[in-house]
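Below is one structure, written out as structure tokens, with a few remarks after it.
The values are calculated or read from the model by the stated rules, or taken from the named source; none is laboratory data. Not measured: the values here are computed from a predicted model. Heads up, the Cβs are rebuilt from the backbone with ideal geometry, glycines too, and the neighbour counts pull from every protein chain shown. Just the protein is used for accessible areas: all its heavy atoms, side chains included, with ligands, DNA and RNA removed. Shrake-Rupley method; radii C 1.70, N 1.55, O 1.52, S 1.80 Å.
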Amino acid sequence: MSTEAVSPGHQARPRTKLPLHWLGVLPFAAFVILFLIMPTMKIVIGAFQRPDGSFTFDNVLGLFTPSIMAAYWISIKISLASAILGCLIGFGVAAAVILGGLPAWIRSPLLTFSGVASNFAGVPLAFAFLATLGPVGMLTVFLKTQLGIDLRLLGFNLLSFWGLTITYLFFQIPLMILIIAPALDGLKREWREAASILGATNAQYWRLVAFPILLPSILGTVALLFANAFGAVATAIALTGSSLNIVPILLFAQIRGDVLGDPHLGYALAFGMIVVTGIANGLYIWLRARSERWMK
């Protein structure tokens, strides 16, 4: 039996095959490309185009008009207020459950609820708050008829700055709980014991040991909550309509297609929102990386 000699230059090369388990990523990749990357590129390109497709800076320069700057400023203040309040309340709840003396069985239902509530927004959330705290909401009517407390006479209006801020807290607080819980779990018992051995009180332990370690995580979470609130378009539109001059309302007015709308100015408004949320998310990623170094 003879065998053919294969010269070294003609050796068969093994075929490179894409592993089958990569097929599972294809739906996610398609979703990201179709509903994240392509719309973002459309917004960025449209922000620098005229209706005829020619290049211009006029749309971006239009963002610096007084009315649009005021809308951005109100949106930033609402986002900051909801982020700071959500951070404070969420941190208190998470610390009480994880480090406090509350029963251990509370943790699992709390984290499960937080996972659901942190994604509950848009029209359902707006309807829930209108049905509860709106002008004829359940709690509003109960306080007025049973306790003689008129929220409107006290200056509260759900379709206002603080009304929208309180609505945002419904998903801001659970998001804070979800993010800060691993950081609180990362506080080692040895650190507290060492501080106690050295004579530190509980307040000194938190001020000199725990808080400096948690500070990057807390600041990063504030940045993420800010971006989360600033990009909440559906909730703001469904709740306030046109009664509050914020960026999502202006954006909706420009792209809804009536004769007064300017879609390319709407693209510029959306581009500005992308820039603001991108900076906030970048700050969150940087601070999170710093905090993870301490937890290792």
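All but one of (1) surrounded by fewer than 21 Cβ atoms within 10 Å (Cβ to Cβ); (2) more than 30 Å from Gly100 (Cβ to Cβ) hold for Phe230; which doesn't? Going through (1) surrounded by fewer than 21 Cβ atoms within 10 Å (Cβ to Cβ); (2) more than 30 Å from Gly100 (Cβ to Cβ) one by one, Phe230 breaks only (1). Considered as a group, the residues in segment 123-157 that are of a type in the set (Gly, Ala, Ser) and surrounded by fewer than 17 Cβ atoms within 10 Å (Cβ to Cβ) include one that is farthest from Val233 (Cα to Cα), and that residue is Gly148.
A quick yes/no check of all residues on (1) of a type in the set (Gly, Ala, Ser); (2) open to solvent by 20 Å² or more (accessible area, probe 1.4 Å); (3) modelled with pLDDT under 90; (4) more than 13 Å from Ile173 (Cβ to Cβ):
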{"position": "Ser79", "(1), (2), (3), (4)": "yes, no, no, yes"}
{"position": "Ile84", "(1), (2), (3), (4)": "no, yes, no, no"}
{"position": "Pro103", "(1), (2), (3), (4)": "no, yes, yes, yes"}
{"position": "Leu110", "(1), (2), (3), (4)": "no, yes, no, no"}
{"position": "Phe113", "(1), (2), (3), (4)": "no, yes, no, no"}
{"position": "Ala117", "(1), (2), (3), (4)": "yes, no, no, no"}
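Only residues that are at pLDDT 85 or above and in a loop (DSSP other than H, G, I, E, B) were counted in segment 246-273, giving 1.
Applying a threshold of 8 Å to beta carbon distances and a minimum spacing of six or more residues, or different chains, the list of pairs starting in segment 27-41 at a residue that is modelled with pLDDT of 90 or more and ending at one that is surrounded by 10 or more Cβ atoms within 10 Å (Cβ to Cβ) and assigned to a helix (DSSP H, G or I) reads Thr40/Ile274. In this entry, Thr165 is excluded by the filter for residues that are of a type in the set (S, T, N, Q), outside any loop (DSSP other than H, G, I, E, B), modelled with pLDDT of 85 or more and in contact with a Phe, Trp or Tyr (Cβ under 8 Å, 6 or more places away or on another chain). Filtering segment 93-148 to residues that are outside any loop (DSSP other than H, G, I, E, B) and among the polar types (S, T, N, Q) leaves Ser108, Thr112, Ser114, Thr132, Thr140, Thr145, Gln146. Going by the conditions given, is Ile179 farther than 28 Å from Gly137 by Cα, surrounded by 22 or more Cβ atoms within 10 Å (Cβ to Cβ) and of a type in the set (Val, Ile, Thr)? Yes: the conditions hold for Ile179.
Within segment 113-139, residues that are among the aromatic types (Phe, Trp, Tyr) reach partners that are in a loop (DSSP other than H, G, I, E, B) and open to solvent by less than 70 Å² (accessible area, probe 1.4 Å) with beta carbons closer than 8 Å, at six or more positions or on different chains, in the pairs Phe129/Gly137; Phe129/Leu158.
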